[in-house]
Amino acid sequence: MNGILAKKLGMTRIFTEDGDSVPVTVLEAGPCTVVLHRTKERDGYTAVQVAFGEQKVQRTTKSYAMQFKHLVPELEKAAENKPWESPRGVQVPRYLCEFDAEDVAAWPVGKKYDASIFKETELIKVSGVSKGHGFSGTIKRWGFHRGPESHGTHNIREPGSIGAHSYPGRVFPGKKMPGRFGNKNVTIKNIQIEKIDIERNLIFVRGAVPGPKNGIIVVRKG
């Protein structure tokens with residue numbers, strides 16, 4: 001399996017054998033369950049779809065819940081009810097993701113796996129949605145400097161001039177201006193795994209990873 005879904009628990013520090021203090025991010029990796037196989041004949045590509053976390057079936061739609069009827073027998077019986085009524089006390093997967101696998105047959109539907117697919121000191125890449133800061137100005141978003149605050153100036157936290165005169169007569173695309181800050185998909189490559197706790201499904205990776213606490217992180221082998 002090429003990767004796993006994880007939850008960001010927060011940051012801490014660990015000490016190496018040489019006594020160095022290393023800042024790490026703690027990820028709760030799995031356990032994940034294989035729920036579907038993608039095949040070239042049906043989908044045009046080969047992949048393994050895995051699920052992480054659970055949620056009440058009442059919080060989903062019928063079309064979403066019925067994807068997992070081969071894993072949850074209660075959904076088979078509920079499908080016969082018209083109109084549709086969500087079965088009480090039934091959990092369905094919450095997060096889904098697809099990963100590459102060298103041998104798809106080695107990952108049958110229903111199989112669970114955890115952080116043991118990784119090794120310490122291995123380089124990985126992590127992807128997540130960065131923290132959203134809403135609509136922000138140029139100082140917060142791009143690190144612009146403040147303008148003078150005396151002699152009647154009004155350019156204190158404003159961006160100032162944004163273009164030229166008659167030519168080109170427009171603002172070039174990509175100009176650094178106010179706008180939505182954060183809340184984007186961010187991928188960081190070549191992050192080193194410092195420690196793995198298989199019993200608690202924890203991965204300690206060096207440095208920071210995108211996203212807030214309890215955010216979902218996609219961890220892939222580098």
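The values are calculated or read from the model by the stated rules, or taken from the named source; none is laboratory data. On a predicted model such as this, the values are computed, not experimentally measured, just so you know. Counting neighbours? That spans all protein chains shown, and the Cβs are built from the backbone with ideal geometry, glycine included. Surface areas here come from the heavy atoms of the whole protein model, side chains and all, with no ligands, DNA or RNA. Shrake-Rupley method; radii C 1.70, N 1.55, O 1.52, S 1.80 Å.
Within the range 180-199, the set of residues being over 16 Å from the mean Cα position of the chain (by Cα) and either surrounded by 12 or more Cβ atoms within 10 Å (Cβ to Cβ) or on the phi > 0 side of the Ramachandran plot (or both) comprises 180, 181, 190, 192, 193, 194, 195, 196, 197, 198. Applying the set (1) surrounded by fewer than 12 Cβ atoms within 10 Å (Cβ to Cβ); (2) outside any loop (DSSP other than H, G, I, E, B) to residue 124 leaves exactly one unmet item: (1).
Evaluate the range 11-26: report whether one residue or more is surrounded by 15 or more Cβ atoms within 10 Å (Cβ to Cβ), of a type in the set (S, T, N, Q) and out of contact with any Phe, Trp or Tyr (no Cβ under 7 Å at 6 or more places or on another chain). Checking the range 11-26: at least one residue is surrounded by 15 or more Cβ atoms within 10 Å (Cβ to Cβ), of a type in the set (S, T, N, Q) and out of contact with any Phe, Trp or Tyr (no Cβ under 7 Å at 6 or more places or on another chain). For beta carbons closer than 9 Å, sequence separation of 6+ or different chains, a first residue in the range 79-105 that is among the acidic types (Asp, Glu) and a second that is surrounded by 13 or more Cβ atoms within 10 Å (Cβ to Cβ) and not in a strand (DSSP E or B), the qualifying pairs are 85/78; 100/1; 100/2; 100/46; 102/1; 102/2. Restricting attention to the range 108-121 and to residues that are β-branched (Val, Ile, Thr) and assigned to a loop (DSSP other than H, G, I, E, B), the residue that is surrounded by the fewest Cβ atoms within 10 Å (Cβ to Cβ) turns out to be 121.
Going by the conditions given, is residue 102 out of contact with any strand residue (DSSP E or B) (no Cβ under 8 Å at 6 or more places or on another chain), at pLDDT below 85 and under 27 Å from residue 193 (Cα atoms)? Judged against the criteria, residue 102 is a match. Screening residue 71 on (1) open to solvent by less than 90 Å² (accessible area, probe 1.4 Å); (2) out of contact with any Lys or Arg (no Cβ under 9 Å at 6 or more places or on another chain); (3) in a helix (DSSP H, G or I) shows it passes everything except condition (3). Picking from residues in the range 200-215 that are farther than 20 Å from residue 133 by Cα and open to solvent by 90 Å² or more (accessible area, probe 1.4 Å), the one that is nearest to the chain's Cα centre (by Cα) is 206. The residues listed here are 147, 134; of these, the one that is of a type outside the set (Asp, Glu), modelled with pLDDT of 90 or more and open to solvent by less than 60 Å² (accessible area, probe 1.4 Å) is 134. Of the strands (runs of 3 or more DSSP E) lying entirely inside the range 150-222, those containing at least 1 residues that are more than 25 Å from residue 101 (Cα to Cα) span 202-206.
Here's the yes/no breakdown for (1) among the small types (Gly, Ala, Ser); (2) in contact with a Gly (Cβ under 8 Å, 6 or more places away or on another chain); (3) at positive phi; (4) part of a loop (DSSP other than H, G, I, E, B):
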position	(1), (2), (3), (4)
76	no, no, no, no
80	no, no, no, yes
85	no, no, no, yes
97	no, yes, no, no
101	yes, no, no, yes
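Could you tell me whether residue 199 is among the acidic types (Asp, Glu), under 26 Å from residue 143 (Cα atoms) and without any contact (Cβ under 8 Å) to a residue 24 or more places away in the chain? Taking the combined requirement at face value, the residue does not satisfy it.
For residue 67, the test of being at pLDDT below 90 and touching a strand residue (DSSP E or B) at 6+ places or on another chain (Cβ under 8 Å) is passed.
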